[in-house]
Each structure stands twice: as C-alpha cells, then as structure tokens.
1. Using only Cα atoms, tell me the angle between helix 249-267 and the longest principal axis of the chain; keep it within 0 to 90° and round to the nearest 10.
2. So for I339, I148, what's the accessible-area order with a 1.4 Å probe, most first?
3. Show me the chymotrypsin sites (Phe, Trp or Tyr not before Pro) within the stretch 286-370 that DSSP assigns to loop and that have at most 14 other Cβ atoms within 10 Å of their Cβ.
4. So for the pair I348, V466, with labels modelled 7 Å out along Cα→Cβ, what separation do we get in nm?
5. P(r) tail for the stretch 231-271, what percent of Cα pairs lie past 11 Å?
6. Strictly greater than 27 Å: what percent of every Cα pair in the stretch 229-379 meets that?
7. Counting every Cα pair in the stretch 377-418, what percent are over 12 Å apart?
8. Measure nothing fancy, just the Cα-based angle from helix 320-344's long axis to the longest principal axis of the chain, in degrees from 0 to 90, nearest 10.
Amino acid sequence: MITPDWQNIPNASDHLKWYENKGKLKLNFFLSIVAIGMLLNGYDGSLISGLQASDAWQADVGYPNGVKLGLLNACGSFSGVVVGPIITYIDEVWGRRWGIRFYGYTILIGSVIGCIAGVSGANGYALFCVGRVIIGFGLTSFLMTSLIVVQEISHPRSRSTVAHSWNSWYILGLFIEGWVIFGCVGYISSNTSWSWRIPYIIQVGFAIYILVAVQFVPETPRWLFANGREDEAFDFMVVYHGNGNREDPLVLFEFEEMKVAILKEREAKAEKWKTILRDRSNLHRLGLACLMPCLFNMSGASILYNYYTIVFENVGITNPTTQTGIAAGLNGFTWFCQIGAVYAGKFIGRRKIVLWTWPFLLFCLVGLCAAGGVYANTGETNTSAGIATVSLVWIFQGFFNFACPVIYSYASEIQTYSMRSKGMLVWNTVYQLQGAYVSWVDAIALEAIGYKYYAVYMPLVIIQFVLVYFFMVETKGYTLEEIALAFDGGSKISLANTDILPSVEHNQRVPNSEEDERLSREGDHKNIATN
C-alpha cells in the first residue's frame, strides 16, 4: 500500500490567516528561542577574530600569535569533543530542553570569566582560554540539541524552511557582532579595555533570556512518544500543528506516521550501536553526518571566518577600522545569501545546491592565492591585490553561505529518530575535531607560509565535490519519517512496507474538491482550541 501524499492532506494552517493560528504562533515563539541561541552562537563565534583588531585586547591577553592564537580559538572545540557523549545521553534520557538550558549557563559563566582578562595581577591569556573552554561546552550542547529540536517540533509544512533558516541566525549574530566591534574597537580609545569588554559582556543579556525563555519550550513529540508519553505527544501535535483540532487530517497522519516509525525502530532495536553499525543504510547516514562538517571546516572558509584580519594584512589592509568595517558589511551580505538559499531550497534539491556552489569556492581559492602572491612578490603595496582579495572573499563567502543551510540541517534531517542523537554525536565529534584543527593550524600556517596556505584547501574542495556527487542522497519533499525511504528502501525500519492506518486514510481529502475543502474548513473551525 502506498503512503498518502502528505502535502495534499488538509491542515488547519491551510485555511487560517497567520494571526488566527494560535497554535502555530506559539510554536514559532518556541522556535525563536532556538533562533536567539543561534544568533548568540554567531555573535560569540566571530568575537575573537574581531577582537584581534583591538590593541587593548592584544595587551590584556599577552599579544597571542601563531600557536597561542590558534590554541585560543581551538580550546572551545576541544571541550566540545569531551562533552558530546554526555549531551547525547542527556538528550535521549532527560529530554531535549536540557541541552539548550546548559548552553545558557555556560555562556553566562564563560563570558564573565573572559572579561576578567587584563585585570591587574591576573594571567589574561589563561583566563580568556578558561572562558572559551566553558563556552565550548555549552556551544556543543546547543548545536547538537537545537538541530534535533528544529527537526522534531516544526510543523511539517514548514519543517524544511525552519531547518534551513537555522544557520541564517548565526550569520545575523555575525552581523551584529561585526558592527559592535566596529563601533567599540574603532571609536573607543584603544588604551581602555572596555573597547573589547563591552562587546564580550553583551553576551550575558542573550544568555539570561535563553535561560528564562527555555522554561516555556515543550519537549518534542517524538521524544515524548518514545518515552511512553503518547498522549502528551499527540496533544502537542493537536495544539501546535492542528491549532487544537483533534480530528485534523494532517495531525492524524503525522502522528500515525511517527508512531509506526518509532515502533518499528524499537522492534529492530535501532537505537543500539550494534544495530546501527551493522546496517548499511545507517552507515550511509553516519558517513554523510561526517561529510557535512568536512564541507564546512575543510573548504577554506575557516580562514576567512577566524583570521580575516590576517587575510587582509597579507595584502596590505592593516587599518583596524577598515578591517572591521569590511567584515561587518560582509556579514550583512552573507545573511542575505543565506535567506536567499532558504527560499531557493523550496525549489532546488539539497544535493544540487552543494554541487552548484562548490566549484565557485575552488575558483575563489585560486584567486586568493594569486592575489596574495602578487602582493608578496611586488615588494610594495599593491592596490589591485587588495581589491581582488576583498572581492574574492565576498564571492567565496556568498557562495559558501548559500550552501550553509543545507550543510547544517542535512545531518540531523537524515537520521532516524532512534539514532538521531547518536548521529549528531558523530557529527559533533567530527565537527569539533576539525574545528579545533583548522582553528589552531590555520593560524600557524598563515604565519609560516601566508597566501600559499590557500592551495592546501584546493584539492580538499575537489574531493568534497566528488563525495557529494556520489553519496549525498536527495531528501527534498519528504516528511521527517519518510526520509527513511530514501535510505532504507525495503529494510525493516523503513516505512516503505507500512500501511498507514485506516483512520488516517479516511481523513485524507481529495485535492481540488470544493465540497471536501468546505467540510474541512467547517470541521477545523468547529474544533479550534481557545487557548
């Protein structure tokens, strides 16, 4: 029996204006808390790169360069590797909210400790590193948990859009950070530590908001169902996906599909590592979970994110105000690129987006290497090399950020429920180890060989393109449970051989039927929840 086309099943949201759908408004508020967390992630993620332009920060942390600067950037990733297995256990046993709550605490504590750097008698570098390690614990917790939450609580009509827009909030955080750094570092006296402490302490406000707001976020329906709280799981979908209508056709379909998938995974003991590792389709999922962070960390983007001041200095752009101004404008540009990608993703498949953008990254790396070589070999300031470098940085970041919505959402999307936390553990381990490597090694390599370091990433970009071409599976158009079809085919945890229960089929409406649409509207409005 063929599974019904879920996109043609009526839902309360189809006939209500956005301000009438109270359930979806509440759901969007919950999702906005995740968005604020990601904004904070972006704000914090580029702070060190921006603070490198501050003379006061350099003095307070002991003028780090090379190995010490790389370690300062990488220490948060090292702590992220350590905490990953703990967060996986918490997400599976205690619930998804705890990962977000832990993130708020670590940002709060880590930011305060970091701001103490430079106090008379204290080791500024050591204090700042300790603060980064603490923040690294929470950052990993948030990344792993929030990627799961946006997939598991989003309305099926908008799940793909919400998941793809997840990383755009990171870029918005970069944009805010860029202009804060531009104002503080560029216009507050370079002799005062407040030129860098003000940007750093701003994080505390975001952390407090997250700690308060996360108390109101419900657990995901899939976690509730898997932990024996079936009624609560159904009530979640009724309130937030069906606007209170317990007979909503899409809600009934979604619940039964989730129920069948989780029960079949439970029968197959799909949550066990032994089961995961002996199944070919699961190994495929884990392999792709490893490939996605490679696309982000090993494509050369880490140089431009973490060390853009060094990139600009290598072609003669040394003024701090100019450096921070270019970076702030770039962050605004890349945010628009990501928003454009979110809407394009509705029409273009995940795989196509990556395949179309990666050749442009290779072109830009070649150009950056050439521009750096021209400047290094002329023996004098070369305006053309500087202009070319700035232009190529913008082109590279534009195409790279067009692919970022897919790169970040894909690894969580393709996992089954039973292995989603474990799949994200694999993703996080690779992500953090590679992040630590590039953060540390990039600084050392740029100091040692300068522009020639771009050439290291060129063959890696080619290899990534080949791997995406042969192994990335298209998931556009599937529900979260139906993605198993793309990987499993006829395996025993696939929905391919599953009959959707009759109660769901009886509620399915025939598209373009005016009478059925009228009955659906009447039924929806009659059962709307007044909460």
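1. Helix 249-267 and the main axis of the chain meet at about 80 degrees.
2. So, going from the largest accessible area down, we get I339, I148.
3. Passing sites in the stretch 286-370 are F347.
4. Using points 7 Å along Cα→Cβ, the separation is 2.5 nm.
5. Beyond 11 Å sits 62 percent of the P(r) for the stretch 231-271.
6. Counting pairs separated by more than 27 Å, the tail of P(r) holds 56 percent.
7. 70
8. It is inclined by approximately 20 degrees.
The values are calculated or read from the model by the stated rules, or taken from the named source; none is laboratory data. Remember, predicted model here, so these are calculated numbers, not experimental data. For neighbour counting, all protein chains shown are included, and Cβ atoms are generated from backbone atoms with ideal geometry for every residue, glycine included. Side chains included, ligands, DNA and RNA excluded: accessible areas come from the protein's heavy atoms. Shrake-Rupley method; radii C 1.70, N 1.55, O 1.52, S 1.80 Å.
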